[in-house]
Amino acid sequence: MKSEIRIAAIGVGSLGFLHAKNLLTKIESAKLVKVVASRRESAEQAAMKLGIEKWSTNPDEVFADPAIDAVIITTPNSTHVQLIKGAAQSKKHIFVEKPITQTIEEAHDVIQTIKNHHVFCQVGFMRRFDPAYVEAKKRIAAGDIGNPIFFKGVSRDPGSPPASYIKNSGGIFLDFTIHDYDLARFLMDSEVDSIRTMGSVLQYPYLKKFNDLDQALTYLSFESGAAGDIESSRNAGYGYDVRAEIIGTEGTIQIGSLQNHNIRILSKKGSTYDIIPEYQTRFKDAFELELQHFVDCLVSGERPACTEIDGLRALEIATAANESFLLKKEMKLIHSLV
């Protein structure tokens with residue numbers, strides 16, 4: 001493997017631009033050589049802000065360039081299949097934001113293409129790389145809380161994305177709660193056996209047009225015999241709120257806090273502190289660490305810790321979650337062979 005990995009960023013929205021900026025300023029052994037966006041002005045402006053020369057509106061230019069080693073895909077969920085396959089077929093390693101695809105059939109298609117062309121793929125479940133979650137994983141594995149028997153997840157956004165985003169997102173379970181589904185597998189070290197979901201539209205009526213929700217609840221049963229629940233909300237006007245708790249037979253681990261800075265103000269009016277405003281602030285370190293891991297794997301030739309198979313497993317849970325909501329019943333998970 002090369003000592004310097006040349007990477008193109010496909011998609012330069014808020015998260016895509018963050019990844020590109022991290023590549024330039026934070027990630028060792030990597031070089032950002034090109035950005036791609038569907039609109040000319042977006043691509044050109046991103047390149048100018050990042051201080052790089054090359055930009056394009058055509059991903060095929062990246063795939064055809066033998067000097068580019070890998071791609072970061074941060075585009076609408078519906079575009080992932082075509083871009084992953086194009087990258088793999090041109091021998092580019094792949095970092096793709098979740099979900100890997102929108103359907104299980106599509107996931108199997110891209111996984112086979114990845115396998116056929118012998119490239120690495122890492123899926124962007126950044127919470128796995130957050131230092132607090134990494135430490136919790138170590139403590140659970142060390143037996144600090146005994147056997148894990150219950151997972152509790154809370155994911156609350158300050159508001160809902162606009163209709164232009166929602167219409168292609170795949171819905172709250174696929175686009176939002178999938179982070180918690182992956183984290184549940186990661187921390188509980190067990191596959192999900194069955195799932196039951198419910199939800200409502202409480203604040204954003206336009207979501208009904210797309211059969212989407214702004215408030216949802218998931219109940220999980222694991223193959224290990226453990227259980228769990230996850231709250232998913234787009235109604236947290238106070239800030240960005242992501243937490244998890246793992247209850248064990250001998251103790252409990254709690255991860256995450258609403259507090260943005262480690263300070264508290266005491267006054268005659270009471271006690272206050274700053275609340276985390278949005279996801280890029282909360283997971284700043286995680287976004288850097290997951291990209292550093294991806295690049296390190298390409299340099300060393302080691303397989304990434306969060307692969308296309310993890311992307312498939314989380315997608316299977318999200319798909320069953322959506323079916324459970326639509327059919328109003330518990331769904332048994334079927335984990336397909338790969």
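The values are calculated or read from the model by the stated rules, or taken from the named source; none is laboratory data. What you see is a predicted model, and the numbers here were worked out from it, not measured in a lab. Positions of Cβ are generated from backbone atoms using ideal geometry, with glycine treated the same way; all protein chains shown enter the neighbour counts.
Go through region 46-88 and report how many residues are in contact with a His (Cβ under 6 Å, 6 or more places away or on another chain), free of Cβ contacts under 8 Å to residues at least 60 places away in the same chain and either over 26 Å from D175 (Cβ atoms) or not small (G, A, S) (or both).
Of the residues in that region, 0 qualify.
Condition test on S221, is it small (G, A, S), assigned by TED's automatic domain parsing to the domain that holds L327 and either closer than 19 Å to V123 by Cα or crowded, with 16+ Cβ neighbours inside 10 Å (or both)?
So S221 passes the test.
Checking P158 against (1) more than 23 Å from I10 (Cα to Cα); (2) surrounded by fewer than 18 Cβ atoms within 10 Å (Cβ to Cβ), which single condition isn't satisfied?
Only one criterion is unmet by P158, namely (2).
Kindly list, by first and then second residue, each pair from a residue in region 195-216 that is without any contact (Cβ under 8 Å) to a residue 24 or more places away in the chain to a residue that is surrounded by fewer than 16 Cβ atoms within 10 Å (Cβ to Cβ) and in a strand (DSSP E or B), limited to pairs with Cβ atoms under 9 Å and residues at least 6 apart or on different chains.
Q215/S200
Just for region 298-308: of the residues that are out of contact with any Cys (no Cβ under 9 Å at 6 or more places or on another chain) and more than 16 Å from L183 (Cβ to Cβ), which one is surrounded by the most Cβ atoms within 10 Å (Cβ to Cβ)?
L298
For region 118-133, what are the residues that are surrounded by 15 or more Cβ atoms within 10 Å (Cβ to Cβ) and not in a loop (DSSP other than H, G, I, E, B)?
C121, Q122, V123, G124, M126, R127, R128, F129, A132, Y133
So is G86 closer than 27 Å to T281 by Cβ and modelled with pLDDT of 95 or more or not?
When the stated conditions are applied, G86 does not pass them.
Test L207 against the criterion of being under 19 Å from F129 (Cα atoms), assigned by TED's automatic domain parsing to the domain that holds Q280 and part of a helix (DSSP H, G or I), and give yes or no.
no
How do the pairs read when you match residues in region 1-25 that are of a type in the set (F, W, Y) with residues anywhere that are buried (at least 24 other Cβ atoms within 10 Å of the Cβ) and in a loop (DSSP other than H, G, I, E, B), using Cβ under 9 Å and keeping only pairs 6 or more apart or on different chains?
Every condition considered, the pairs that remain are F17/G11.
In the list S194, S190, which residue meets the criterion of being in a loop (DSSP other than H, G, I, E, B) and modelled with pLDDT of 95 or more?
The match here is S190.
For the list (1) closer than 18 Å to G124 by Cα; (2) part of a helix (DSSP H, G or I), I need the number of the one condition that A320 fails.
So the condition that A320 fails would be (1).
I'm trying to understand the selection: among the residues of region 66-87, which are of a type in the set (G, A, S) and in contact with a helix residue (DSSP H, G or I) (Cβ under 9 Å, 6 or more places away or on another chain)?
Result: A70, G86, A87.
Looking at region 13-24 only, could you name the residues that are touching a Ser or Thr at 6+ places or on another chain (Cβ under 6 Å) and of a type in the set (A, V, I, L, M)?
The answer is L15, and nothing else.
Does L326 fit the bill of being outside the structural domain of T177 (by TED's automatic domain parsing) and among the aliphatic types (A, V, I, L, M)?
Against the criterion (outside the structural domain of T177 (by TED's automatic domain parsing) and among the aliphatic types (A, V, I, L, M)), L326 does not qualify.
Tell me, yes or no, whether region 140-148 has at least one residue that is closer than 23 Å to R282 by Cβ, in the same structural domain as T218 (by TED's automatic domain parsing) and assigned to a helix (DSSP H, G or I).
Within region 140-148, one or more residues are closer than 23 Å to R282 by Cβ, in the same structural domain as T218 (by TED's automatic domain parsing) and assigned to a helix (DSSP H, G or I).
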